[in-house]
1. Counting every Cα pair in the stretch 151-206, what percent are over 13 Å apart?
2. Using a 10 Å Cβ count of at most 13 others and DSSP loop calls, identify the longest part of the chain lacking such chymotrypsin sites (Phe, Trp or Tyr not before Pro).
3. Count charges around I98 for me, please; just the other residues with Cβ under 10 Å from its Cβ, Lys/Arg as +1, Asp/Glu as -1.
4. Remind me, relative contact order of the stretch 7-164 in percent, using alpha carbon pairs under 8 angstrom and six or more residues apart?
5. P(r) tail for the stretch 106-151, what percent of Cα pairs lie past 16 Å?
6. Please identify the DSSP H helices in the chain that span no less than 15 Å along the helix axis (Cα) and have a mean Kyte-Doolittle hydropathy of -0.5 or more.
7. Just from the alpha-carbon atoms, what are the Rg and Dmax of the stretch 66-106 in angstroms?
8. With r defined as the distance between the Cβ atoms of M179 and S8 and R0 fixed at 45 Å, what FRET efficiency is calculated, to the nearest 0.05?
Amino acid sequence: MADDKKVSYGNGINISLKGKVALVTGSSSGLGMEIAKYLARAGASVAIHYHSEKQQAEQLSQEINSNGGRSAVFGGDVSNRAEVEAIYKNIDKDLGPIDILVNNAGVDGKREFCGDDNPEDWERVIAINLFGPYYCAREAVKRMKKAGHGVIINITSVHEFVPWSGYTAYSSAKAGLSMFTKTLAQEVSESGIRVISVAPGAIKTPINKEVWGNPETYKDLLTKIAMPRMGETSDIAQAVTFLVSDMASYITGTTLVVDGGMLIYPAFKHGG
């Protein structure tokens, strides 16, 4: 490989997001909180978003700011277009236009079977998980086009690929978000904007503690994962940090699956 630059080996490769402004939706807990921490550690100014957990969002912001980072807190409902527009206006004022958007806010909803379900529950999941990322991406694209660069990460799920009985809304929203990622990436490819999905598998968060906190259900869960462990929030945060950095500058319009091998049919490890 022809390269006239002098290269130093053995000192490690560091990801730097200095000078970047990032919005992480749903960052007052779980995956979003860990992603916000990692982006801040990489040098980005982070807009911490919450819907109902204001105290946790403020505590995270205080932690980041007291440790040399820069962050601010913004509340609102991502499924409400007017509230999303207000969030962006406040971020513009307090931190500046965003360079990075991580559409993380989402819900799985109630387990209900089609025909016996409440359509309002279905609509709520679609509104948050699909309309929310659309509204947020729409505002981000306006600003990123003016800047000539930007990265949008949509957090989907292995359920953009794998059916999940009782969760038709969630699976449909995540599959739809995957195609939104690809189509938007195509639309903005000449504007310096990259759009990528990250599909987590089984990740250990407070919301699913009833599964990993019970030895029997945890044992059953592990049969669905090729690697012998659940994922940690840091597994997703590290993947996102890489993807929004210049090290991933030639990646767009695709899904990075971070699932420990759920999609390689681990049940077949011992034969068909």
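1. Values: 925 of 1540 pairs.
Distances greater than 13 Å cover 60 percent of the Cα pairs.
2. Working: sites that count: Y9, F113, Y250.
Result for the longest clean stretch: 114-249.
3. -1
4. Values: 245 pairs, mean separation 34.2, N = 158.
Rounded, it is 22 percent for the stretch 7-164.
5. Numbers: 538 of 1035 pairs.
Every Cα pair in the stretch 106-151 considered, those over 16 Å come to 52 percent.
6. Numbers: long enough: 30-41 (17 Å, 0.30); 54-66 (18 Å, -1.53); 81-94 (20 Å, -1.02); 132-147 (23 Å, -0.92); 168-187 (28 Å, -0.07); 233-244 (17 Å, 1.16).
Flagged H segments are 30-41, 168-187, 233-244.
7. 11.3, 34
8. Working: r = 42 Å, r/R0 = 0.94.
Computed FRET efficiency for M179 and S8 comes out at 0.60.
Computed from the coordinates by the stated procedures, all read-outs in this text should not be read as laboratory data. On a predicted model such as this, the values are computed, not experimentally measured, just so you know. Counting neighbours? That spans all protein chains shown, and the Cβs are built from the backbone with ideal geometry, glycine included.
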